[in-house]
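Everything below concerns the one structure shown next.
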Amino acid sequence: MKKVVTVLMVLGLFASVSFGQEQAKYGLGFEFHTDPTLAYSGLLGIYVPIETGSLFIEPLIRYSSSSEEIDYDNYATGQDYEVSSSNFTLLLGIFKPTEIGKIRSYYGIRVGKTWSKYENDLNNYKEESDILIIAPTVGAEYFISDKFSFGGEAMYTMITDEEEDDGFTTTTKESVLIPKLIVRFYF
C-alpha cells in the first residue's frame, strides 16, 4: 500500500507542476475492450483525462479481485479451502494531441505497474508480483459535444516480470497489442 501512496503522490506533484501555467480541463473515462474475455476478467479501467492544451495526460486505474470457496459436505471427500486473487494497476499516459474539427488524435506512452496477489488456503500457497508496463499508444476520439467523446486506442503493451526463487531468477517478457474503445466525459 505504501507503494501505491508514493506513486499517487508523485503523480499529483507532476500534475500540479505541469498545469501551473495553463487552465486544465478534467474528465472521466471508461474503457471497453474489443476482446470480451478481457472484459469478463475484470480488466476494465477508469481513466482521468487531463487536458492542458499542449499535452494530454491520462492516469488509468484498474482493480479486480476474485475468490472461490470450496466447502465439502462430507469431510472424507476433501478439505474445505478458498482461492483468491487480486490485481491493481496504475498507469500514467502522456500524449501529444492534434485536433482537426471534432476529432482529436493523440500519440504517446503509458507507463506504470500492476500489483497482483494470489492465495490458496489448501496448501498455504501465496504469490505476489509487481509488473512494470511500458505501452506506446496511439488513439483518436470524436467529440459529440464539448463534454462527451468516444474513441479508439491501441496500446502496444510491453510487460516485464521478474521472479526470484531458491537460487534462480525467472524473467518473463510479453508484448501484446490491445485495442479498446473509450468513452470520456469532460467537466
Within the under-12-Å Cβ sphere about Ser67, not counting Ser67, Lys/Arg +1 and Asp/Glu -1 give a net charge of -4
Can you pick out the pairs among Lys96/Lys173; Lys25/Lys117; Lys117/Lys180; Lys117/Lys147 whose Cα atoms lie more than 31 Å from each other? Lys25/Lys117; Lys117/Lys147
Just the accessible area per residue of segment 68-187, please: how many Å² with a 1.4 Å probe? 63
So if the hydrodynamic radius of segment 77-187 is defined as the Kirkwood radius over C-alpha pairs, what does Stokes-Einstein give as its diffusion coefficient at 4 °C and 1.567 mPa s, in µm² per second? 76
Any trypsin sites (Lys or Arg not before Pro) in segment 48-111 that lie in a DSSP loop and have at most 16 other Cβ atoms within 10 Å would be Lys102
Which ³J(HN,Hα) values, rounded to whole Hz and listed in residue order, are derived for segment 45-60 from phi using the Karplus coefficients 6.51, -1.76 and 1.60 in 6.51 cos²θ - 1.76 cosθ + 1.60 with θ = phi - 60°, glycine and proline given as x? x, 10, 9, 10, x, 10, 9, 10, x, 8, 10, 10, 9, 8, x, 10
Carbon-plus-sulfur fraction of the accessible area of segment 39-159, 1.4 Å probe, in percent? 57
Contour excess over end-to-end distance, with Cα ends at Glu128 and Gln79 and 0.36 nm allotted per residue: 15.2 nm
Reduced to Cα centres, the span from segment 168-183 to segment 86-130 in Å works out to 9
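The values are calculated or read from the model by the stated rules, or taken from the named source; none is laboratory data. Keep in mind it's a predicted model, so treat the numbers as computed, not measured. Don't worry about glycine lacking a Cβ; one is built from the backbone with ideal geometry, like all the others, and counts go over all protein chains shown. Quick note on the areas: whole protein, heavy atoms, side chains included, nothing else; ligands and nucleic acids left out. Shrake-Rupley method; radii C 1.70, N 1.55, O 1.52, S 1.80 Å.
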